[in-house]
Every structure is written in C-alpha cells, then in structure tokens.
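Enquirer: Sharing a structure, written as structure tokens. Questions coming.
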Protein chains: 2
Amino acid sequence: MPMHVIPLEGLPMVQPGDDLATLLLQSLRQAGIDLIDGDILCLAQKIVSKAEGRQIKLDSITASSKAVELGTLTDKDPRMVQLVLDESTNILRTRPGALIVRHRLGFVGANAGIDQSNVDHRGGESALLLPVDPDASAARIRAAVYGATGKHCGVIITDSHNRPWRLGTIGAAIGSAGVRVLQDHRGGHDIFGRELKVTLINRADAIATAATLLMGETTERIPAAVVRGLPPDDTADTAQLINRPLEEDLFK
Amino acid sequence: MPMHVIPLEGLPMVQPGDDLATLLLQSLRQAGIDLIDGDILCLAQKIVSKAEGRQIKLDSITASSKAVELGTLTDKDPRMVQLVLDESTNILRTRPGALIVRHRLGFVGANAGIDQSNVDHRGGESALLLPVDPDASAARIRAAVYGATGKHCGVIITDSHNRPWRLGTIGAAIGSAGVRVLQDHRGGHDIFGRELKVTLINRADAIATAATLLMGETTERIPAAVVRGLPPDDTADTAQLINRPLEEDLFK
C-alpha cells in the first residue's frame with residue numbers, strides 16, 4: 001500500500017497560548033483533508049513551542065561566567081549559550097560555531113535545539129526553546145484530535161537534526177503519541193529462513209523525515225503534514241524510547 | 001503537492017548478472033506503475049549488490065592475523081572481519097559485537113555495510129558486499145530507465161544505517177543519480193526576513209528513508225519503491241556529496 005505525505009498549507013502564524021489542535025483541525029478542514037484512522041499528524045517543533053510560549057527574550061537572560069566563557073570559545077551570544085546550558089545535561093563538543101550537547105530530553109545535537117529563525121524578534125531579540133515535554137504535547141494534541149474527530153491518529157513532533165558524518169539535516173521525532181516508534185525484527189527470519197540478528201527500525205524518525213522533507217521542500221510556511229497509508233498502531237510508545245542508552249554509546 | 005511512496009511488489013529474486021533495470025521495468029509494468037518525469041526509483045542496496053555479483057563465499061576468504069585478532073575482540077567470524085577490513089579505510093570503534101569503520105565510500109557504519117541476511121547460503125556461507133561504486137550503479141540504471149521509457153527519473157540506492165545516539169536504523173542514500181542530494185537554504189531568509197544561517201537539508205537521505213520505511217514496513221520482499229511528487233531535478237549530484245569532510249568531523 002502506498003504511503004502519502006500530504007503537506008498542510010494555510011496554517012496561520014502560531015502565537016503563544018494558541019490552541020494548536022484547534023488551529024490544525026481548522027486548517028485541515030479548509031484544505032479539504034479528512035483525517036482517517038491511522039493518519040499520522042506531523043508537526044514542526046516550532047509551532048508546538050510557539051503555542052506553548054517557549055519563546056524567550058534574550059534581554060531576560062543573565063549569562064553565567066561559564067556561559068560567557070563558552071560563548072567566547074564557540075563565537076556565540078553568551079545569553080544563547082546560557083539557554084543551551086539550561087536546556088542540556090552535558091556538553092559533548094565545543095568549537096568555534098559549534099556547541100554540541102545532550103539535551104535534557106536525551107538526544108544529542110547542536111545548541112539544544114534552540115533556534116532563532118522563523119521567530120518574531122519584534123520587541124527584542126528572541127530564541128525559541130523546544131517544548132518542555134514533547135511526548136506530552138503530542139499526547140495532548142492526539143487526544144484533542146480524537147475528541148474532535150473520533151479518529152485514532154498518531155502525532156509526531158518533528159525537528160531537524162544533524163549527524164556526525166553526513167552533511168545536511170534529516171527529520172527526527174522529538175515527541176510522539178500513538179505511533180509505534182521502533183519496529184523490532186530481531187528474532188524474525190529472512191527470506192532464506194536465516195534468523196535476523198540486528199534489525200531494529202526507527203519508524204518514528206523515518207516518518208518525521210518523510211514529513212520534514214515535504215515541509216522544507218515546498219515553502220517555509222508549511223509546518224505540518226499528514227502521513228497516510230502506514231498500518232495503524234495501538235501503542236503507548238513515546239519518542240523517549242529512541243534515545244540510545246548511554247552505556248550503548250560507542251562514540252564517546 | 002503531496003509526496004507518494006509506492007512500493008514495488010513482485011520483483012523476482014535477483015541473481016548475479018541480472019539486468020536490474022530490465023527486471024525493474026518489467027515489475028513496474030506488471031504492477032501498473034507508469035513512471036513519470038521526476039519519479040525517484042529507490043532500490044535497496046541488496047538487489048544492486050546481488051545483480052553486480054557482490055556475493056562472496058566465506059570459504060574463499062583467508063583471514064589475516066589482524067582480522068583474527070579483531071574477530072576475537074568483536075566476537076565475529078575472522079573471515080567476515082577480513083571482508084570488513086578490505087572494504088574500509090579505517091576502524092573507528094571495536095567492542096564485542098561491534099566493528100565500526102569508515103567505508104571506502106566515505107560513510108561510517110557497522111561492518112562496512114556487509115550483510116548476511118536475505119543472502120542465499122546454499123553452496124556455502126556467504127556475505128554480500130556493497131556495490132563497488134553505487135553512484136555509478138545508480139547512473140547506469142537511470143540511463144537504462146531513460147532509454148526504455150524516455151522518462152527523466154532519479155535513482156537512489158538505499159541502505160539502512162545506525163546512528164550514534166538514536167536507536168533503530170533509518171535509510172541512507174549510498175548511491176544516487178538525477179537527484180538533488182543537498183538542498184542549501186543558507187543565505188536565504190526566514191518568514192520574518194532574518195537570514196538563515198545553517199539550513200542544509202539532506203534530501204537524498206530523506207527520500208531513501210521514506211522509501212526504506214515502506215520497504216521494511218510491508219514485507220521483506222519489497223526491495224524497491226517509487227517516490228513521486230517532489231519537484232524534478234536537473235542535477236549532476238551524487239551520494240558522495242553527503243560525506244561530511246573529515247576536517248568537519250566534530251565527533252572524533
């Protein structure tokens with residue numbers, strides 16, 4: 001069965017305090033997209049963060065001496081560095097232009113996912129933090145969608161991640177609800193009857209990546225997409241499951 | 001515009017020396033899929049390797065003393081380790097069960113992409129190496145598809161890669177032709193007019209990931225998919241472009 005990735009156009013600019021599920025449902029209706037069971041609603045982190053009021057004015061931040069020091073080392077505004085420190089559990093690498101940390105949510109990336117693009121800087125330079133608990137955000141939106149439509153849909157909150165050895169970002173699922181996140185083929189058998197040893201597939205990141213491709217492909221103004229055609233899941237999985245346990249980190 | 005990922009069912013088991021493009025075109029016809037300009041044909045590395053005769057009997061391999069030593073260290077058959085060494089330029093990590101190398105093609109991963117699953121072991125235990133030059137393989141198949149159909153399609157040869165900090169594999173483009181591999185938004189502007197600093201999107205890996213999701217989702221027997229709906233590219237890009245330059249490797 002084919003998979004379809006349908007970009008959702010026409011979503012209004014999201015403001016702090018907006019009810020994102022309601023905005024999404026309105027836009028879906030206007031776009032003529034009727035959700036069906038099994039659809040996965042992929043939302044750019046940015047609109048979730050904005051709705052949740054995670055935009056912070058840099059003026060309100062006081063940089064610690066550590067942030068000032070790291071700011072010099074990495075060529076970054078010490079107040080931005082302070083935000084990164086506040087949002088992360090440890091620093092992995094610092095170089096001019098690069099501050100790689102483990103985010104408090106468990107994943108590794110540049111600048112703790114804090115971004116200044118597509119953020120309204122009127123009233124003072126600002127930065128946008130990731131949602132406090134993206135899995136919980138996804139679950140809330142999923143429940144609201146079910147409440148309004150009666151449809152069992154999955155929700156993935158997507159972000160763009162870099163990888164150590166490959167250029168260019170791909171999508172990542174930083175929050176999810178109602179989506180089987182990891183598909184485990186271990187213990188299964190291949191087409192010649194041989195036991196499969198290591199076949200754990202990251203469905204959530206793959207779905208996020210498919211959606212992110214389309215969001216970025218068409219225009220900066222498409223922060224959501226519907227992924228349709230994958231077998232529906234009944235699962236309590238969350239994106240937290242994706243984080244590789246620290247003791248399995250071969251790349252320290 | 002939506003993106004569609006259409007799995008290609010009914011491809012026969014690929015044998016060494018098979019003309020893969022002809023097999024693909026036959027299967028597409030049987031499946032009622034008419035290629036159109038801009039379609040991207042995604043092929044699992046495995047069928048390309050098989051057609052190119054990259055299956056090797058372990059009996060034919062003599063393990064060096066280094067391979068024996070690494071085999072003990074990693075709990076692997078020394079002949080498999082020898083193949084990994086022959087296919088790689090350096091070893092990054094060794095642990096029981098894990099041998100992480102930089103492949104001669106430039107990417108980093110476990111066991112140099114050499115696999116023993118879905119390989120016919122009748123006549124002796126075998127392993128399947130990656131194609132010698134996956135970009136060239138993609139270009140050949142693309143030319144054959146154009147020759148037979150007159151359609152300008154892209155071709156991506158996909159593999160499944162692990163990542164350091166996230167569980168579960170996602171797709172990667174190890175070869176490509178006719179696909180814009182990296183999309184550079186740097187120097188562009190966001191929706192508030194602010195200059196975008198770091199927005200390089202890996203389209204090829206994203207397309208490979210979308211296709212791989214569907215290949216793995218439905219059955220082990222679907223080694224190809226058509227990705228439709230992305231804007232057509234006129235490009236000389238190859239998957240080689242994806243490798244991050246060594247001097248940018250922050251994770252050494």
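All of the numbers you see were taken from the coordinates with simple rules; none came from a lab. The shown structure was predicted, so the numbers you read here are calculated from the model rather than taken from an experiment. Note that each Cβ is placed from the backbone with ideal geometry, even for glycine, and that neighbours are counted across all protein chains shown.
Enquirer: Can you name every residue in the stretch A:63-102 that is of a type in the set (Lys, Arg) and over 24 Å from residue B:165 (Cβ atoms)?
Expert: The one that is of a type in the set (Lys, Arg) and over 24 Å from residue B:165 (Cβ atoms): A:79.
Enquirer: Condition first: farther than 22 Å from residue A:164 by Cα and under 13 Å from the mean Cα position of the chain (by Cα). Now tell me which residues in the stretch B:103-127 satisfy that. Steps first, please.
Expert: The first filter runs over the stretch B:103-127 and keeps only residues farther than 22 Å from residue A:164 by Cα, leaving B:115-127.
Within the stretch B:103-127, B:115 is the sole residue that qualifies.
Enquirer: Within the stretch B:138-153, is there a residue that is under 17 Å from the mean Cα position of the chain (by Cα) and under 18 Å from residue A:164 (Cβ atoms)?
Expert: Scanning the stretch B:138-153 turns up no residue that is under 17 Å from the mean Cα position of the chain (by Cα) and under 18 Å from residue A:164 (Cβ atoms).
Enquirer: Here are some conditions: (1) within 12 Å of chain B (Cβ to nearest Cβ); (2) closer than 30 Å to residue A:180 by Cβ; (3) among the basic types (Lys, Arg). Residue A:142 meets all but one. Which one does it not meet?
Expert: Result: residue A:142 passes all but (1).
Enquirer: Checking residue B:94 against (1) under 26 Å from residue A:182 (Cα atoms); (2) surrounded by 18 or more Cβ atoms within 10 Å (Cβ to Cβ); (3) touching a residue at least 24 places away in the same chain (Cβ under 8 Å); (4) within 14 Å of chain A (Cβ to nearest Cβ): exactly one of these is not met. Which one?
Expert: (2)
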